[in-house]
Structures are given as structure tokens and as C-alpha cells.
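Peer 1: A single structure is presented below for examination.
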Amino acid sequence: MLAKRPAGRNASALKYDILTAMGAYALGQGKGAQKLVLRFMTLMTARYNWQRDELAVGQREIARLWDVDERTVKREMAKLRGMGWLVVKRQGARGRVTEYGIDLERLLADTQERWGAVGPDFEHRMQGADEPAPNVVPLRPGAAAPAPDVSDGSEWSLAKAVLHAEDPANYASWVQGLERAGRAGGRLVLKAPSRFHANYVMSHLMPRLLAACRDVDSAVSAIVVEA
């Protein structure tokens, strides 16, 4: 799971992913929880120091940001601590506000059930594995893929040739691994090497695949990709 602090070249993308996970989680909850997470997200974007894992803001300032009274701030911050998302790093004292940190591991574990609602690419990325999962086709930027064999004359072989000519890199990553599984009338069924691969193609590449198939066989009316 992606639980490391956003840092380096990809820091901005990681922050967006974390906030997206929180937003997707909130949208699956009731109104009270939605408001709590929205307030927390706003506080994070406005005042959280990601590199130092530090949130040091007084209740009066938070109340102004949230447009509530300080009693509401105290209650909402207590809820966030109860959830385990917010942890006290140094208790406030006279003249010094309480310093908080964010338990990203707990936050991501709680939001994980909603990652799939964002999309399979997001869900896979949020797993945080350094190496590609064995059931995911690795992307190889710049790797040249040979032109497909069109000797069988099928609509899919011919369509693959069209797609290869248009975008060899995209073809190598996503199209080359798709195999023709069958056809019923105008419905062409393709087989992908994994469910992630199938979901990605269905979500991102379907219009182009269908257009290429219709270029070579106008009777193709739909494409289904199965794992």
C-alpha cells in the first residue's frame, strides 16, 4: 500500500492521489462524515506540511477556515483523532499550539474500499508496489513491438495492424496482448492477460479499438474485453 510521504519528483501526484482517495471515501459516507472529511481535506491543503508531517494550527484559525465556532473545531479534531487519521505529536501549551501528524497508513487503509470507484489504474497505483504485480502487463516506454501477423485475415488481426501503425508504443503496452476469443454477430470478444489489463482497455481505449475494427469490418458493432 502507498503509505510513504509524498516527496521528490512525484510528490505532487502522490498528494493528489491521497486527496482523491479521501474524497472518494467521503462520497460513500453519510453527510456528517462527508463534512468531516471535507474539512480535514481543506485543512490539509491549506496548512499541512507534507515533508515534515506537521500540522500546527490554532483552533481559532481552523474555525475561521471552516466557518464554524471553536467548539465545533474541538469536536471535529477529536473525531479525526478517534479515527486514527490525526495523531498528536506535541501537546499544546501556553503560547504554543498543538502539533499534529497524519497517519497515512491508517488513512489509506480506511479509504481502500473506495479506490476501485476511482478506476482500476488508480487502484493499482495506490497499492504502492515498487515492482509491477505479476498479473499486470508492464509498460515499456520506447519498446518496439513487431507488426502483427495478419495472415489469418480476421477482423481483429487487421484492426491490430491499424492500431500498430497509428501508435506503436500504445500498441505494445495494451493492444498486443489482446487475443481474439470469439464473435457473435457484431459482437467481438477479446481476451486480455489480466483483469487489470481488461479494465484499463475497456475504460480508456474502447472507442479507438472499436473504430479500428469498423475500419476493416463495418459489421462490428461492439467489443467486449474479458480476462
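The values are calculated or read from the model by the stated rules, or taken from the named source; none is laboratory data. Keep in mind that this is a model prediction, so the values were computed, not measured. Note that we place each Cβ from the backbone using ideal geometry, even for glycine, and neighbour counts take in every protein chain shown. Note: accessible area is taken over every heavy atom of the protein model, side chains too, but ligands, DNA and RNA are not part of it. Shrake-Rupley method; radii C 1.70, N 1.55, O 1.52, S 1.80 Å.
Peer 1: Given the structure, is Gly82 open to solvent by less than 60 Å² (accessible area, probe 1.4 Å) and either out of contact with any Phe, Trp or Tyr (no Cβ under 9 Å at 6 or more places or on another chain) or in a strand (DSSP E or B) (or both)?
Peer 2: no
Peer 1: Something else: Which members of the range 111-133 meet the condition of being at pLDDT 90 or above and open to solvent by less than 50 Å² (accessible area, probe 1.4 Å)?
Peer 2: Thr111, Trp115
Peer 1: Can you name every residue in the range 86-124 that is part of a strand (DSSP E or B) and among the β-branched types (Val, Ile, Thr)?
Peer 2: Correct list: Val87, Val88, Ile102.
Peer 1: Can you tell me which condition Trp50 does not meet? The list is (1) without any contact (Cβ under 8 Å) to a residue 40 or more places away in the chain; (2) in contact with a Lys or Arg (Cβ under 8 Å, 6 or more places away or on another chain), and all the others hold.
Peer 2: Going through the list (1) without any contact (Cβ under 8 Å) to a residue 40 or more places away in the chain; (2) in contact with a Lys or Arg (Cβ under 8 Å, 6 or more places away or on another chain), Trp50 breaks only (1).
Peer 1: Which count do you get for residues in the range 178-203 that are open to solvent by 60 Å² or more (accessible area, probe 1.4 Å) and touching a residue at least 40 places away in the same chain (Cβ under 8 Å)?
Peer 2: Going through the range 178-203 one residue at a time, the tally reaches 5.
Peer 1: In addition: Within the range 12-25, can one find any residue that is of a type in the set (Ser, Thr, Tyr), within 17 Å of the chain's Cα centre (by Cα) and open to solvent by less than 20 Å² (accessible area, probe 1.4 Å)?
Peer 2: No, every residue in the range 12-25 fails to be of a type in the set (Ser, Thr, Tyr), within 17 Å of the chain's Cα centre (by Cα) and open to solvent by less than 20 Å² (accessible area, probe 1.4 Å).
Peer 1: Return the residues of the range 26-35 that are surrounded by fewer than 19 Cβ atoms within 10 Å (Cβ to Cβ) and assigned to a helix (DSSP H, G or I); say none if nothing qualifies.
Peer 2: Leu27, Lys31, Gly32, Ala33, Gln34, Lys35
Peer 1: Just to be sure before I move on: is Met22 in contact with a strand residue (DSSP E or B) (Cβ under 9 Å, 6 or more places away or on another chain) and in a helix (DSSP H, G or I) in the structure I sent?
Peer 2: no
Peer 1: Name every residue in the range 151-177 that is modelled with pLDDT of 90 or more and surrounded by fewer than 15 Cβ atoms within 10 Å (Cβ to Cβ), in order of residue number.
Peer 2: none
Peer 1: Being open to solvent by less than 50 Å² (accessible area, probe 1.4 Å) and assigned to a helix (DSSP H, G or I) is the filter; apply it to the range 47-71 and report the residue that is farthest from Lys89 (Cα to Cα).
Peer 2: Only one residue fits best here, namely Trp66.
Peer 1: Can you find a residue that is β-branched (Val, Ile, Thr), modelled with pLDDT under 95 and farther than 25 Å from Phe122 by Cβ anywhere in the range 19-34?
Peer 2: no
Peer 1: Do you know which of the residues in the range 209-227 that are farther than 14 Å from Leu158 by Cα and not hydrophobic (A, V, I, L, M, F, W, C) is least open to solvent (accessible area, probe 1.4 Å)?
Peer 2: Applying the filter and picking the extreme gives Ser221.
Peer 1: Hey, another quick one. Consider Ala198 against the criteria (1) of a type outside the set (Phe, Trp, Tyr); (2) part of a helix (DSSP H, G or I); (3) farther than 23 Å from Ala145 by Cα: it satisfies all of them except one. Which criterion is unmet?
Peer 2: Here Ala198 clears every test but (3).
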